[in-house]
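> Quick one: structure below, then a few questions.
Please treat every number below as a calculation from the coordinates, not as lab data. Bear in mind that the values here come from a model prediction, so they are computed numbers and not experimental data. Here the Cβ is made from the backbone with ideal geometry for all residues, glycine too, and neighbour counts use every protein chain on show.
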Amino acid sequence: MFCIYILLFIFYYKDGDNMYETALDILKKINSHGFQSYIVGGYARDKYLGKVSNDIDICTDALVDDLVNMFDNVDTRFKKYGNVIVLENGYKY
């Protein structure tokens, strides 16, 4: 099976704990729609090393159109690159 992976970039605007909790909510929502999603990249590395990180990347096999249908506020300007920005709880993902 061929999967297209979408990166959702989460930019830090509030404290890190709320950012992380919101990211987990996004993972749960994507997974509840039958897709896989994971926190990847620098945030996972920094968390392991005990460092503070200011962004979280999420990788999923959901397509851009799937994400648009899941979330109320999705910026698709970067759709041609396989990226979207989701606004959730005051954070940009």
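> Would you report the distance distribution of C-alpha pairs in region 18-60 as whole percents per 5 angstrom bin, up to the bin with the largest distance?
In whole percents, the pair-distance histogram is 6, 24, 29, 24, 11, 5, 1.
> Another one. Between residue 49 and residue 33, with labels modelled 7 Å along Cα→Cβ, what's the label distance in nm to one decimal, could you check?
Computed distance between label sites residue 49 and residue 33 equals 3.3 nm.
> Just subtract the alpha-carbon distance of residue 24 and residue 76 from 0.36 nm times their residue separation and send over the number in nm, one decimal.
16.6 nm
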